[in-house]
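Trainee: So that we are looking at the same thing, I have put the structure below in structure tokens.
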Amino acid sequence: MPPARGGGLLGPSAEALLIPLGALAGAMVLFGVFMALIGQNPLEVYRLIWRGAFASGFAWQNTLSRAAPLILTALCVALPAQAGLMVIASEGALVLGGLAAAILGHSMGGMNPLVVKLAMALGGMAIGGLWVALVGALRQYRGVNETISSLLFIYIAVALFNHMVEGPLRDPASLNKPSTHPIGEANMLGALPGFDVHWGLAFGIVFCVIVYVLVKHTTWGFALRVVGGNPRAAQLAGLPVSRLVVTACFLGGAASGLAGMVEVGAVHGTANASLIAGYGYTGILVAFIARQNPIAIIPVSVLLGGIAASGGMLQRRLDLPDATVLVLQGMAFLTILAAETLFGRLKAFRSNE
């Protein structure tokens, strides 16, 4: 009789949780060393990060507002990743989705606000989806590396955005900061009932739940994961690999385009340079920490949204640059990448044969 197989001390679920947490803890230690080297007390820095992110109702409001676009841009990375693609075009999809929403919001002024908001959302999602779908199509039909092409697509999208905002679509009344015409107060999204956080947070959470169900509990999602695991085997099984890949890219881009619409409809009221805030790049880090899990993206986005929100506190109290938190995010990205090599290798998480 063969020996019974037993599990390790900890299971795969614990591995997926503890290794990223350990990587984040390592990033905090490295950041503390960096702060000490520049003459700051690491413990005071940590205290101010906590205070600026989570210690009060106002801090939570700021954190959740910053987390909303991160949830959606992270999905732009996580969805194509299910098909085995490393697509990082979320920043480009966000700015173009925001531009489309601003154009529709202004041009449909005077119509029913609910209709305008729906058109803005659909327009932003369509433009963002098509932009990222093009990356998937180039990969599938022309053999272009999706990571390189998606990075280039970001620069193209930002250049196109700046050209339109500072040129043909510029509002003459926007003197110091070029912007499109405002969408109007009636077309702004407003806040969630009982909260001071805009509707983008709810959109992101709902989108994550839908994607989770789609990927984990449908035949389409199963086929997509088969493609991500072994494209050759998927082709031999008769799966429409190219269609699955392009569709996943479209849905991911649609999420990022919706993030752009939310930034225009709930925060800025116009499309301007403030849309290029790096949410797409931070979304890459969120997706990596969450290991492409749509549900895990939500708490990770809140964590990184809080870190970003604390930048102002560090600037006011310690006279540090507002971008200091970007150093912490960069260190977290490096430690998360390094931690990827630990998955499946640590004895505590491995099954005993």
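Throughout, read-outs are computed from the coordinates displayed, never taken from laboratory work. Note that the coordinates shown come from a computational prediction; the quantities given were computed from them, not determined experimentally. Neighbour counts run over all protein chains shown; Cβ positions are idealised from the backbone, glycine included.
Trainee: Across region 153-201, what is the total count of residues that are out of contact with any helix residue (DSSP H, G or I) (no Cβ under 8 Å at 6 or more places or on another chain) and among the polar types (S, T, N, Q)?
Mentor: 2
Trainee: Looking at region 28-44, can you tell me whether even one residue there is more than 17 Å from PRO294 (Cβ to Cβ), surrounded by fewer than 21 Cβ atoms within 10 Å (Cβ to Cβ) and within 23 Å of the chain's Cα centre (by Cα)?
Mentor: yes
Trainee: Which members of region 207-251 meet the condition of being free of Cβ contacts under 8 Å to residues at least 12 places away in the same chain, among the aliphatic types (A, V, I, L, M), more than 17 Å from VAL77 (Cβ to Cβ) and surrounded by 14 or more Cβ atoms within 10 Å (Cβ to Cβ)?
Mentor: If the condition is that a residue be free of Cβ contacts under 8 Å to residues at least 12 places away in the same chain, among the aliphatic types (A, V, I, L, M), more than 17 Å from VAL77 (Cβ to Cβ) and surrounded by 14 or more Cβ atoms within 10 Å (Cβ to Cβ), then ALA234 is the only one that fits.
Trainee: Right, here's the next one. Got a sec? Which of GLY283, GLY269, GLY306, GLY312 is within 30 Å of ILE183 (Cα to Cα) and touching a Phe, Trp or Tyr at 6+ places or on another chain (Cβ under 6 Å)?
Mentor: GLY306
Trainee: Only one of GLY280, GLY265 is assigned to a helix (DSSP H, G or I) and either within 17 Å of the chain's Cα centre (by Cα) or polar (S, T, N, Q) (or both). Can you tell me which?
Mentor: On inspection, the qualifying residue turns out to be GLY280.
Trainee: Another question about this same structure. Every residue in region 270-301 that is within 19 Å of PHE343 (Cβ to Cβ) and of a type in the set (A, V, I, L, M, F, W, C), please.
Mentor: Residues satisfying the conditions are ILE284, LEU285, VAL286, ALA287, PHE288, ILE289, ALA290, ILE295, ALA296, ILE297, VAL300.
Trainee: Do you know which residues across region 65-94 are part of a helix (DSSP H, G or I) and in contact with an Asp or Glu (Cβ under 8 Å, 6 or more places away or on another chain)?
Mentor: Of everything in region 65-94, those that are part of a helix (DSSP H, G or I) and in contact with an Asp or Glu (Cβ under 8 Å, 6 or more places away or on another chain) turn out to be PRO69, THR73, PRO80, LEU94.
Trainee: Can I ask one more? If I filter region 180-225 down to residues being part of a loop (DSSP other than H, G, I, E, B) and of a type in the set (Gly, Ala, Ser), which single residue comes out as farthest from ALA121 (Cα to Cα)?
Mentor: GLY194
Trainee: From GLU166, GLU146, which residue is among the acidic types (Asp, Glu) and crowded, with 20+ Cβ neighbours inside 10 Å?
Mentor: Testing whether each residue is among the acidic types (Asp, Glu) and crowded, with 20+ Cβ neighbours inside 10 Å leaves just GLU146.
Trainee: When region 140-168 is examined, which residues are found to be touching a Pro at 6+ places or on another chain (Cβ under 9 Å) and not small (Gly, Ala, Ser)?
Mentor: GLU146, ASN162, VAL165, GLU166
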